[in-house]
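**Q** Dumping the structure here so I can ask a few things about it.
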Amino acid sequence: MRIIGGKYKGMNIEAPRGLLSRPPLALIRESVFNILGEWVAGKSVLDLFAGSGSMGIEALSRGAAHLHYVDNAGRCVGMARRNLEKLGISGVAVVTRQNAVDFIRSWQGPCFDLIFVDPPFLSGRVEEVLACLPAANILSEGGVLICRYHRREDVPVPGGLEMFKKRKFGENIVVFLKRA
């Protein structure tokens, strides 16, 4: 998989094979970061269900200041670490192997400016994560949350968040939410 923009544009990173993960297509990553634009620079990023870590690396490539990956799969955690090491950016990232909901509920650190939520399709995990976010102090004021899910999933926007963009890419739905 190739990084599509910013400082690491054109660099290849490891991507999972098989059904363990579905890394966002280049078209989706490009669209997300075109919408975010220069806003990403200097921001703190949380990538839940990180997989290979492509979304987080794209954010760092565009000037994000800090990245925290969370994934429950050991294979994905290892891959994300290898990708960070390959690019020489391990120092600005933390990789945690943990269930995303448990991570959100137990987080005691500073709020994140940008949160990616990209669980396995049709798993119900998007709804579970979104349901626990309003009670957690994890998204900064003015922060943005981006969710990718399957078009057959019905994902309600919880109180405290409002949708400001929605894009469809084949079977992929990508929504942009901000704190209300």
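The values are calculated or read from the model by the stated rules, or taken from the named source; none is laboratory data. Only a predicted model underlies this, so the values are computations on that prediction, with no experimental measurement involved. As a convention, Cβ positions derive from the backbone with ideal geometry for all residues, glycine included, and neighbour counts pool all protein chains shown.
**Q** Quick test of your reading of the structure: G18 fulfils all but one of (1) farther than 14 Å from V95 by Cα; (2) surrounded by 15 or more Cβ atoms within 10 Å (Cβ to Cβ); (3) among the small types (G, A, S); (4) modelled with pLDDT under 90. Name the failing condition by number.
**A** Of the numbered conditions (1) farther than 14 Å from V95 by Cα; (2) surrounded by 15 or more Cβ atoms within 10 Å (Cβ to Cβ); (3) among the small types (G, A, S); (4) modelled with pLDDT under 90, the odd one out for G18 is (2).
**Q** If you check C111 against the conditions, is it touching a helix residue (DSSP H, G or I) at 6+ places or on another chain (Cβ under 7 Å) and hydrophobic (A, V, I, L, M, F, W, C)?
**A** no
**Q** Give the residues of the range 50-71 that are modelled with pLDDT of 95 or more and part of a loop (DSSP other than H, G, I, E, B), sorted by residue number.
**A** R62, G63, A64, A65
**Q** Of the conditions (1) among the acidic types (D, E); (2) modelled with pLDDT under 95; (3) under 14 Å from the mean Cα position of the chain (by Cα), D154 fails just one. Which one is it?
**A** Just one mismatch for D154, condition (3).
**Q** Please tell me if G42 is without any contact (Cβ under 8 Å) to a residue 60 or more places away in the chain and under 20 Å from L177 (Cα atoms).
**A** For G42, the condition - without any contact (Cβ under 8 Å) to a residue 60 or more places away in the chain and under 20 Å from L177 (Cα atoms) - is met.
**Q** Output the residues belonging to the range 135-175 that are buried (at least 17 other Cβ atoms within 10 Å of the Cβ) and in contact (Cβ under 8 Å) with a residue 40 or more places away in the chain.
**A** I138, L139, V144, I146, R148, N172, V174
**Q** Please identify the pairs in which a residue from the range 70-96 that is touching a residue at least 40 places away in the same chain (Cβ under 8 Å) and under 19 Å from M11 (Cβ atoms) has its Cβ atom under 7 Å from the Cβ atom of a residue that is part of a helix (DSSP H, G or I) and β-branched (V, I, T), counting only partners at least 6 apart or on another chain.
**A** So the pair list comes out as N83/I57; L87/I57; V95/V77.
**Q** Residues that are of a type in the set (S, T, N, Q), in contact with a helix residue (DSSP H, G or I) (Cβ under 6 Å, 6 or more places away or on another chain) and either buried (at least 19 other Cβ atoms within 10 Å of the Cβ) or assigned to a helix (DSSP H, G or I) (or both): does the range 41-49 have at least one?
**A** No, every residue in the range 41-49 fails to be of a type in the set (S, T, N, Q), in contact with a helix residue (DSSP H, G or I) (Cβ under 6 Å, 6 or more places away or on another chain) and either buried (at least 19 other Cβ atoms within 10 Å of the Cβ) or assigned to a helix (DSSP H, G or I) (or both).
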